[in-house]
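Everything on this sheet refers to the single structure shown next.
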Amino acid sequence: MLETVINKPNTGLVGTITVPGDKSISHRAVMFGSIANGTTEITGFLKGEDCLSTIRCMRQLGVNIEEKEDKIIVHGKGLDGLQEPEEVLDVGNSGTTIRLLSGILATQSFSNVLVGDDSIAKRPMGRVTGPLKMMNAFIDGRDQGQLTPLFIRGGNLNAINYVSPVASAQVKSAIILASLRANGTTKVTEPYRSRDHTERMLKAFQVDVEVSGNTVAIKGGHDLVATNVHVPGDISSAAFMLVAGAITKNSKVILNNVGVNPTRTGIIDVLEKMGADMDIEYDQTSSFEPTATITMKSSSLNGITIDGDLIPRLIDEIPAIAVLATQAEGTTVIKDAAELKVKETNRIDTMVNQLKALGANIRATDDGMIIEGQTKPLTGGEVNSFGDHRVGMAMALCGLISDSPVQLINTEAINVSYPKFFEHLEMLKQK
């Protein structure tokens, strides 16, 4: 269990950094390359613990994956070329791995057992296993397949027209991946549009995907054709550095090659509405995923309400937004975000309790939180990530603005998505 002490910088945060590759896109690039025909080269890949879990699982399914210094080379087996694993597939802490892989394994006639760490054991799998069962996959596990370990044997799948009760890219993607071998056309409709990396990337792998409003449709029988993928910087990781720049005095932080997929830019909308001093320069040469250079300066912020269809576009950034709101003038209300309860931790309760420990004026609601900004400075003290990488990064930001240092316990959790987080913070402090 690692501990890190974060102090207020003597001056502001100044400099240019490149945030790590997008976690969601890195997962998909390895999975899609594995089930494609041909060789896929991936640059910008995030070598965090979650994405490395995906590589391990695909290797267990018989895929040859080379890890080079600057790229990942995936020698695709095709969707029909995967092999039955000799051992259980351990996804570690990765919810994306277990849910998307469930969709792929539903297309296979052989048996698989999926497990994960203690956090995965508590996370709801029924939202994925339910529709996959409707497609005729055989799935069992704790609580009738609601919880891990999961046993999956797929095979002859039928297309479904699924109306999802939640806007979840993981649910949508699992069904889409299973539909590649389903009889007929599968449709998935969400209450709000979730991130669309799967749809974009499948098109790059020459799969015909139809998108109409909040509905995605795909006809069974598709094969993927290998392609090269460049992974842009992860906007969810960038969010913590943007917040750091906004709340720390005398700062100017420049982030290169940030992915600005419209289904992921809720954090940009929030920063703009709160009055952040931010400039965005869009890259005109980016391919299937748009990118930009974002500059953030120290900002005078105001509280806002964050709700509705904005929530799926920033659900992973809410821990960073909660810290941001403590430094805004007025009240920030976050609602319609009950999905936070089923992340690596219950992020509503965890963020509220940890920020209260540092003196923030914040309270939990059934579906979010209410933060009274600028009522008093953060005091510093001891806090814990509780194994949640985004909680860990959010609490580390508090050390940049608190009266006394912040001692963060369980900092190793941050390696899941941002292995160089503290290194980048120190780089910005030294400029």
Conditions first: (1) surrounded by fewer than 20 Cβ atoms within 10 Å (Cβ to Cβ); (2) among the basic types (K, R); (3) assigned by TED's automatic domain parsing to the domain that holds R200. K8 passes all but one, so which condition is the exception? (3)
Taking the stretch 58-88 and keeping residues farther than 17 Å from S26 by Cβ, assigned to a strand (DSSP E or B), touching a residue at least 24 places away in the same chain (Cβ under 8 Å) and in contact with a strand residue (DSSP E or B) (Cβ under 6 Å, 6 or more places away or on another chain) leaves H75
Return the residues of the stretch 134-147 that are part of a helix (DSSP H, G or I) and crowded, with 18+ Cβ neighbours inside 10 Å; say none if nothing qualifies. G145
Determine whether the stretch 319-341 contains at least one residue that is in a helix (DSSP H, G or I), modelled with pLDDT of 95 or more and over 20 Å from the mean Cα position of the chain (by Cα). yes
Count, please, the residues in the stretch 414-431 that happen to be part of a helix (DSSP H, G or I), buried (at least 16 other Cβ atoms within 10 Å of the Cβ) and out of contact with any Asp or Glu (no Cβ under 6 Å at 6 or more places or on another chain). 7
Expected single match for modelled with pLDDT of 95 or more, touching a helix residue (DSSP H, G or I) at 6+ places or on another chain (Cβ under 6 Å) and either of a type outside the set (K, R) or surrounded by fewer than 24 Cβ atoms within 10 Å (Cβ to Cβ) (or both) among S237, S173 is S173
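Residues are listed down the side, and each one gets a yes or a no for (1) under 19 Å from A239 (Cβ atoms); (2) at pLDDT below 95; (3) of a type in the set (A, V, I, L, M):
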| position | (1), (2), (3) |
| --- | --- |
| E344 | yes, yes, no |
| M369 | yes, no, yes |
| E372 | no, no, no |
| N384 | no, no, no |
| H389 | yes, no, no |
| A396 | yes, no, yes |
| Y418 | yes, no, no |
Test result for T350, over 25 Å from the mean Cα position of the chain (by Cα) and of a type in the set (S, T, Y): no
Among the residues of the stretch 136-153, is any within 23 Å of the chain's Cα centre (by Cα), under 22 Å from R193 (Cα atoms) and in contact (Cβ under 8 Å) with a residue 24 or more places away in the chain? no
Of the residues E281, E317, E272, which single one is without any contact (Cβ under 8 Å) to a residue 24 or more places away in the chain and under 22 Å from R390 (Cα atoms)? E272
Looking at I218, I268, I311, can you tell me which residue is farther than 30 Å from G12 by Cα and assigned to a helix (DSSP H, G or I)? I311
May I ask you to verify whether S119 is hydroxyl-bearing (S, T, Y) and either buried (at least 23 other Cβ atoms within 10 Å of the Cβ) or in a loop (DSSP other than H, G, I, E, B) (or both)? no
Residue ID - farthest from the chain's Cα centre (by Cα), chosen from residues in the stretch 89-115 that are assigned to a loop (DSSP other than H, G, I, E, B) and closer than 21 Å to G184 by Cβ: S109
Members of the stretch 169-189 found to be under 22 Å from L82 (Cα atoms) and in a strand (DSSP E or B), listed by number: A182, N183
Looking for something surrounded by fewer than 16 Cβ atoms within 10 Å (Cβ to Cβ) and in contact with an Asp or Glu (Cβ under 7 Å, 6 or more places away or on another chain) - is there at least one such residue anywhere in the stretch 88-110? yes
Any residue in the stretch 201-216 that is β-branched (V, I, T), farther than 23 Å from I35 by Cβ, surrounded by fewer than 21 Cβ atoms within 10 Å (Cβ to Cβ) and touching a residue at least 12 places away in the same chain (Cβ under 8 Å)? yes
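The values are calculated or read from the model by the stated rules, or taken from the named source; none is laboratory data. Since this is a predicted model, take the numbers as computed values, not measurements. Neighbour counts run over all protein chains shown; Cβ positions are idealised from the backbone, glycine included.
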